[in-house]
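The values are calculated or read from the model by the stated rules, or taken from the named source; none is laboratory data. Since the model is a prediction, treat every value here as computed from it, not as a measurement. Ligands, DNA and RNA are stripped out before the accessible areas are found, and what is left, the full protein with its side chains, is counted by its heavy atoms. Shrake-Rupley method; radii C 1.70, N 1.55, O 1.52, S 1.80 Å.
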Amino acid sequence: MLEIKDLHAKIGDKEILKGINLTINEGETHAIMGPNGSGKSTLSAVLVGNPLYEVTAGEALFHGKNLLEMNPEDRAHEGLFLSFQYPVEIPGVSMTNFMRAAINEKRKYEGKEPLNAADFLKLMREKRKIVELDSKLSNRSVNEGFSGGEKKRNEIFQMAMLEPKLAILDETDSGLDVDALRTVAEGVNKLKTPETSCIVITHYERLLEIIKPDVIHVLYKGRIVKTAGPELAKEIEKRGYDWIKAELGE
Ligand code: ADP
Ligand code: MG
Ligand code: MG
């Protein structure tokens, strides 16, 4: 599904990604961990096409197509979804209108007719349940005045609505209380299918205990320096990253 080869990216003069190699197959969930400032958010931003970052070498193929040549909208239409570490507020645009536009743009790209009002509202209801999102929020501007937990639930709700093929969750768990974390993580699990894949960026083993990734990578200084099974998260929780840095000779 996703094949990243020797990906380098910079912001301004600063090289941040220094040769990322990563292959994700259909149905797989990969976790990316790593100290702050390692380049985790940069990697997700580069994949969805944030223009702030310049790719200087390497490639990223999504279902065999060159992702790096597509504009951000087409990447989304092709089935890529990024849940932000800091969800943005969109004053003046109601959740309902925002979602209707997003869904219908995607349908148009797929050559489908727009959803009629009744089917759209039914879909909204169905998907809200997955993350126990309050129906009142639908009439409010996107994320405006939402609590931290509501913003994060809203990210997963949007993911549920758009049914991406590859979802990237960038620290969706940060700032959540234990109950909200469980709701969000279980929401992600409900959306998993044998054809969809997920990249979960997190600092917390407790999220991974629920989401149960197939593989865990450690990103450090712009490179993936370690790849292992789920047990790696427990070890990092216990021992931090110093032992991994020591293995690298630091
Ligand atoms: P992580 O998500 O792993 O914490 P980031 O990808 O956010 O790491 O950041 C990686 C590095 O890139 C850090 O050194 C950070 O300061 C730098 N960086 C990220 N975004 C910007 C930016 N907009 N301008 C300048 N430097 C940035
Ligand atoms: Mg960070
Ligand atoms: Mg980050």
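For the reader, a short list of remarks on this structure follows.
- Helix-only mean residue ellipticity at 222 nm for the chain, each DSSP H run of n ≥ 4 adding -39500 (n - 2.57), per residue, nearest 500: -11500 deg cm²/dmol
- In plain terms, the chain from residue 235 to residue 140 could stretch by 30.0 nm, reckoned as 0.36 nm per residue minus the Cα-Cα distance.
- Rounded to the nearest Hz, the phi-derived 3J(HN,Hα) couplings of segment 234-246 under the Karplus curve 6.51 cos²θ - 1.76 cosθ + 1.60 (θ = phi - 60°) are 5, 5, 5, 4, 7, 10, x, 10, 4, 5, 6, 4, 5, where x marks glycine and proline.
- Mean projection of the Cα convex hull over all viewing directions, computed for segment 28-89: 5.4 nm².
- Antiparallel %, DSSP beta bridges [both residues in the chain], to 5: 60 percent
- Kirkwood Rh (inverse of mean 1/r, distinct Cα pairs), the chain, angstrom: 18.8 Å
- Residue order for 152, 5 - accessible surface, 1.4 angstrom probe, largest first: 5, 152
- The length gained by stretching the chain between residue 115 and residue 214 to full extension, at 0.36 nm per residue less their Cα-Cα distance, is 32.1 nm.
- Anchor residue 192: lysines whose Cα lies under 16 Å away (excluding residues fewer than 8 positions away in-chain): 127, 129, 165, 212
- Put simply, the amide H of residue 27, placed in the peptide plane, has neighbours under 5 Å in 196, 197, leaving out anything fewer than 5 places away on its chain.
- One decimal place: the segment residue 73-residue 190 gains 39.6 nm when fully extended, by the rule 0.36 nm per residue minus the C-alpha distance.
- Tail fraction, Cα-Cα pairs, segment 105-250, threshold 18 Å, whole percent: 63 percent
- Ranking 109, 86, 220 by solvent-accessible area of protein heavy atoms (1.4 Å probe, all protein chains present), from largest to smallest, gives 86, 109, 220.
- Whole-Hz ³J(HN,Hα) from phi, Karplus 6.51 cos²θ - 1.76 cosθ + 1.60, for segment 154-169, glycine and proline x: 4, 4, 6, 4, 4, 4, 4, 5, 8, 6, x, 7, 10, 9, 10, 10
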